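Peer 1: Quick one: structure below, then a few questions.
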Amino acid sequence: MSPRPANQVTVHEAKTHLSRLLERVEGGEEVLIARGRTPVARLVPVQRRAGGGRRFGSLRGQVRIGRGFFEPLPDDELKHWGV
């Protein structure tokens, strides 16, 4: 029987050592989770956008805010907000 790949763990190992596996994945490694010797799932790092997170102005030209947006809310609406 051939040895299992170094990046493959059993379901039991994954449940027992999830934190360690996540550290490996955060380091860029891919981890396979197997039932017996049959891989059934893959843990991979989440792809993050360059620059990370939100970009200011990314919706410019796609969103319109009407004049009424900046007007004070009517009293009957404010009472629902506890103001």
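The values are calculated or read from the model by the stated rules, or taken from the named source; none is laboratory data. Keep in mind that this is a model prediction, so the values were computed, not measured. Cβ placement follows ideal geometry from the backbone for every residue including glycine, while neighbour counts extend to all protein chains displayed. Only protein heavy atoms, including side chains, enter the accessible area calculation; ligands, DNA and RNA are left aside. Shrake-Rupley method; radii C 1.70, N 1.55, O 1.52, S 1.80 Å.
Peer 1: Counting helices only, and only those DSSP H runs with n ≥ 4, report the 222 nm mean residue ellipticity of the chain as the sum of -39,500 (n - 2.57) divided by its residues, in deg cm²/dmol to the nearest 500.
Peer 2: Details: 3 runs with 19 residues, N = 83.
Theoretical 222 nm ellipticity from helices: -5500 deg cm²/dmol.
Peer 1: Can I ask one more? What part of the accessible area of the chain, given as a whole %, is carbon or sulfur when the probe is 1.4 angstrom? Provide the component values of the computation, followed by the final result.
Peer 2: Details: 4250 of 7800 Å².
On the chain, the fraction of accessible area on carbon and sulfur atoms equals 55 percent.
Peer 1: Follow-up. With θ taken as phi - 60° and the coefficients 6.51, -1.76 and 1.60, list the Karplus ³J(HN,Hα) couplings across segment 3-17 in order, rounded to whole Hz; mark glycine and proline as x.
Peer 2: Going residue by residue, I get x, 6, x, 5, 8, 10, 10, 7, 4, 4, 4, 5, 5, 6, 10 Hz, with x marking Gly and Pro.
Peer 1: Only four residue types carry charge here, +1 at the Cβ of Lys and Arg and -1 at the Cβ of Asp and Glu. Report the dipole size of the chain about the Cα centre in Debye, rounded to the nearest 20. Don't skip to the answer; put the middle values down first.
Peer 2: Values: 15 positive and 9 negative charges, 96 e Å.
Dipole size: approximately 460 debye.
Peer 1: How big, in percent, is the set of alpha carbon pairs in the chain lying more than 22 Å apart? The partial results should precede the final answer.
Peer 2: Details: 1978 of 3403 pairs.
Summing the P(r) tail past 22 Å for the chain gives 58 percent.
Peer 1: Need one number: nm distance between label points at ARG4 and THR16, each 7 Å from Cα along Cα→Cβ, rounded to one decimal.
Peer 2: Inter-label distance under the simple model: 1.1 nm.
Peer 1: Given the options LEU59, LEU43, LEU22, which has the most mean-square fluctuation in a GNM of the chain, springs set between C-alpha atoms less than 10 angstrom apart?
Peer 2: Sorting by GNM fluctuation, first place goes to LEU59.
Peer 1: Taking H placed 1.01 Å from N in the peptide plane, check which residues at least 5 places from THR10 or on another chain put their amide H under 5 Å from its amide H.
Peer 2: Correct list: ALA34.
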